[in-house]
1. Given charges of +1 on the Cβ of Lys and Arg and -1 on the Cβ of Asp and Glu, with all other atoms neutral, how large is the dipole of the chain about its Cα centre, in debye to the nearest 20?
2. Per DSSP H run of n ≥ 4, the term is -39500 (n - 2.57); total these for the chain, divide by its residue number, and report the mean residue ellipticity at 222 nm rounded to 500 deg cm²/dmol.
3. Over every pair of different alpha-carbon atoms in the chain, take the mean of 1/r and invert it; report that Kirkwood radius in Å.
4. Any idea what diffusion coefficient region 77-155 gets from Stokes-Einstein, in µm²/s, Kirkwood Rh on alpha carbon pairs, 10 °C, 1.306 mPa s?
5. Could you tell me which residue out of SER56, SER79, SER126 lies farthest along the dipole of the chain toward its positive end? Charges go on the beta carbon: Lys and Arg +1, Asp and Glu -1, centred on the Cα centre.
6. Any chance you could give the angle, 0 to 90 degrees and rounded to 10, that helix 46-70 forms with the longest Cα principal axis of the chain?
7. Expressed as a fraction of 2.2 N^0.38 Å, the rule-of-thumb size for a compact globular protein of N residues, what is the C-alpha radius of gyration of region 1-90?
8. Any idea what Rg and Dmax come out to for region 55-95 if you just take the C-alpha atoms, in Å?
Amino acid sequence: MDKVPMTAAGLKTLEAELRQLRDVDRPAISKAIGVAREHGDLKENAEYHAAKERQSFIEGRLKELEGVISHAEVIDPASLSGDTVKFGATVMLIDEETDEEVTYKIVGSYESDVSKGLLPVTSPLSKALMGKAVGASVEVHTPKGTKFYEVVNVEFK
């Protein structure tokens with residue numbers, strides 16, 4: 001697995017999820033499986049099958065998080081500067097068609113949440129923005145068609 005770029009906040013969030021799954025959820029599901037086993041016939045025991053399915057999800061997510069965390073390359077946006085877009089930049093854009101203003105922070109894929117303005121570095125918009133400076137016009141191909149944005153501001157915080 002290659003290095004996985006992320007911010008310190010993103011790494012902290014993933015580590016918290018890992019602790020929750022390992023220290024709280026995993027023991028709880030083991031206990032739930034034990035209780036479900038006591039109810040008898042496992043073939044027709046929906047509670048048992050649901051608990052086993054949840055256990056499988058938890059174990060898979062634990063392995064995924066451990067892999068991502070072990071390959072994390074933490075990048076501190078505050079240590080970066082300049083007026084071109086790169087990982088960690090907070091970018092203010094104006095939609096050239098609607099004049100709507102949007103702001104995104106370009107972060108790692110595992111910490112992204114577009115509803116909170118955290119845009120994954122792998123998204124089409126992020127890829128189109130990389131290396132662009134303030135004042136540049138950006139063309140982005142989306143499932144809803146082509147969009148045009150102007151880069152208004154680039155900050156590293």
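Computed from the coordinates by the stated procedures, all read-outs in this text should not be read as laboratory data. Quantities reported herein were computed from a predicted structural model and do not represent experimental measurements. Glycine gets a Cβ as well: all are built from the backbone with ideal geometry, and neighbour counts include every protein chain shown.
1. Values: 20 positive and 27 negative charges, 118 e Å.
I would put it at about 560 debye.
2. Numbers: 4 runs with 56 residues, N = 157.
The per-residue figure over the chain is -11500 deg cm²/dmol.
3. Numbers: mean 1/r = 0.0549 Å⁻¹.
Across the chain, the inverse of the average 1/r is 18.2 Å.
4. Working: Rh = 12.4 Å.
My calculation gives 128 µm²/s for D.
5. Looking along the dipole axis, the top candidate is SER56.
6. Between helix and principal axis, roughly 40 degrees.
7. On the way: Rg = 19.4 Å, N = 90, 2.2 N^0.38 = 12.2 Å.
Here the answer is 1.59, to two decimals.
8. Answer for region 55-95, Rg first and Dmax second: 16.5, 47 Å.
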